[in-house]
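Trainee: Okay, handing you the structure first.
The values are calculated or read from the model by the stated rules, or taken from the named source; none is laboratory data. Keep in mind that what you see is a predicted model, and the values were worked out from it rather than measured. Quick reminder, even Gly has a Cβ in these numbers, built from the backbone with ideal geometry, and neighbours come from all protein chains shown. The accessibility values were calculated without ligands, DNA or RNA, using every heavy atom of the protein model including side chains. Shrake-Rupley method; radii C 1.70, N 1.55, O 1.52, S 1.80 Å.
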There are 2 protein chains.
Amino acid sequence: MNTQSHTKSTSRSLPIALLRARETVMAPVRDMLQGIQITEQKWRILRVLDELGEVEQSTIANEACLLLPSLTRILRTMEADGQVTRRQDSRDKRRTMVMITDAGREILKVNLATSLAISNSIEAQMGREKLDKLLDLLDELQAIKV
Amino acid sequence: MNTQSHTKSTSRSLPIALLRARETVMAPVRDMLQGIQITEQKWRILRVLDELGEVEQSTIANEACLLLPSLTRILRTMEADGQVTRRQDSRDKRRTMVMITDAGREILKVNLATSLAISNSIEAQMGREKLDKLLDLLDELQAIKV
DNA sequence: CCTTTATAGTTAACATGTTTATTAAAATGA
DNA sequence: TCATTTTAATAAACATGTTAACTATAAAGG
């Protein structure tokens, strides 16, 4: 008898189930992004910036679910590659405001159709209702305090 | 109007929802593991090995949702730290068979109560029914082909 | 004011994620 | 049986994840 015979087996483990589900969803997205030398993280950042406009880095970190140290590095290369601009906030000099560039928006534009096709494929296979239910449950899970 | 005004906003993005939910679930697990110098990945590997016995690396990778190159590195340090043993399979010399050691099992044993408490806390807040529903939906999502 | 505390971001160090290439061994098939 | 293909694992290179320590600035409280 193993150590975790009193615990739930890994087959119904929530962390692993979340990881597996994410792999399934992200696989085609990564395929899409690989052709244009953009990582999954940079894609999320571009989407957040396109949606929210000029925001500080902490906001990006929160929205795109990235830690600040990672974000610092990623934005450095994105700025060097001309996908975003950064400037110090004049009122609060601790803050760095980040904005998407035309080149950054172009990346979103070019991949919009593929991105939509992926979403639609998932919805077609899962069904809109189940997908909504899943998103609701994930929201609820994310909101709890353990 | 932004580029993705025709797309779903990041707020109902499945990839980010999965990521956020995972962060919530893993935060207390990481707290638990940090005290004993074990990463989340090593914890998953120990659980899989305890559950399945001696298995080849590909099986671990599949069960613990890790890529083989990562696993190669992680097992190297786990073997050095005496948490697992590795041996070449005699029939198929390509395979490496991995087994948990007593020291590895001890790590599971020591953290069993905390691990259970975390699971119970999540279940208490979400409810068993919703949690099962969520696991079902995640299983279903993971099974689709995009 | 001035000290204390909190916040935004960066840096450093190490672990893992991810892709591509490579090696060795096993399976396939003419 | 031998060339071809597939599989298991590793290596290398670069990006990100994660924690701890640190800097600069702002906010709070006396």
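Trainee: In region B:101-110, how many residues are in contact (Cβ under 8 Å) with a residue 60 or more places away in the chain and either open to solvent by less than 30 Å² (accessible area, probe 1.4 Å) or within 7 Å of another protein chain (Cβ to nearest Cβ) (or both)?
Mentor: Of region B:101-110, the ones in contact (Cβ under 8 Å) with a residue 60 or more places away in the chain are B:107-108, B:110.
Retained after the next criterion (residues that are either open to solvent by less than 30 Å² (accessible area, probe 1.4 Å) or within 7 Å of another protein chain (Cβ to nearest Cβ) (or both)): B:108.
So the count comes out to 1.
Trainee: How many of the residues in region B:20-40 are assigned to a loop (DSSP other than H, G, I, E, B) and not polar (S, T, N, Q)? Full working, then the answer.
Mentor: Of all residues in region B:20-40, those assigned to a loop (DSSP other than H, G, I, E, B) come to B:35-39.
Next, only the ones that are not polar (S, T, N, Q) stay: B:35-36, B:38.
Of the residues in region B:20-40, 3 are assigned to a loop (DSSP other than H, G, I, E, B) and not polar (S, T, N, Q).
Trainee: Residues of region A:124-138 being more than 7 Å from chain B (Cβ to nearest Cβ) and open to solvent by less than 60 Å² (accessible area, probe 1.4 Å), which ones? Walk me through how you get there before you give the answer.
Mentor: So the first thing to find is which residues in region A:124-138 are more than 7 Å from chain B (Cβ to nearest Cβ), and the list is A:124, A:127-129, A:131-132, A:136.
Once the filter is applied, which keeps residues that are more than 7 Å from chain B (Cβ to nearest Cβ) and open to solvent by less than 60 Å² (accessible area, probe 1.4 Å), region A:124-138 yields A:Gly127, A:Leu131, A:Asp132.
Trainee: Which residue pairs have Cβ atoms under 6 Å apart, sit 6 or more places apart or on different chains, and have a first residue in region B:24-45 that is touching a residue at least 60 places away in the same chain (Cβ under 8 Å) and a second that is within 10 Å of DNA strand C (Cβ to nearest atom) and of a type in the set (Phe, Trp, Tyr)?
Mentor: Cβ pairs passing all conditions: B:Leu33/B:Trp43.
Trainee: Can you tell me which residues in region B:63-85 are within 15 Å of B:Met97 (Cβ to Cβ) and of a type in the set (S, T, N, Q)?
Mentor: If the condition is that a residue be within 15 Å of B:Met97 (Cβ to Cβ) and of a type in the set (S, T, N, Q), then B:Thr72, B:Thr85 are the ones that fit.
Trainee: How many residues are within 18 Å of the chain's Cα centre (by Cα) and touching a residue at least 12 places away in the same chain (Cβ under 8 Å) when one looks only at region A:111-140?
Mentor: The number of residues fulfilling the criteria is 5.
Trainee: Next question, about the same structure. What are the residues in region A:61-102 that are within 20 Å of A:Gln37 (Cβ to Cβ), more than 8 Å from DNA strand C (Cβ to nearest atom) and aliphatic (A, V, I, L, M), if any?
Mentor: Listed by number, the residues that qualify are A:Ala64, A:Leu66, A:Ile74, A:Met78, A:Ala80, A:Val84, A:Ile100.
Trainee: Only one of these is of a type outside the set (Gly, Ala, Ser), away from every other protein chain (no Cβ under 14 Å) and open to solvent by 30 Å² or more (accessible area, probe 1.4 Å): B:Thr59, B:Thr77, B:Thr39, B:Thr114. Name it. Show your work before the answer.
Mentor: On the way: B:Thr59 fails: away from every other protein chain (no Cβ under 14 Å); B:Thr39 fails: away from every other protein chain (no Cβ under 14 Å); B:Thr114 fails: away from every other protein chain (no Cβ under 14 Å).
Result: B:Thr77 is the single residue among B:Thr59, B:Thr77, B:Thr39, B:Thr114 that is of a type outside the set (Gly, Ala, Ser), away from every other protein chain (no Cβ under 14 Å) and open to solvent by 30 Å² or more (accessible area, probe 1.4 Å).
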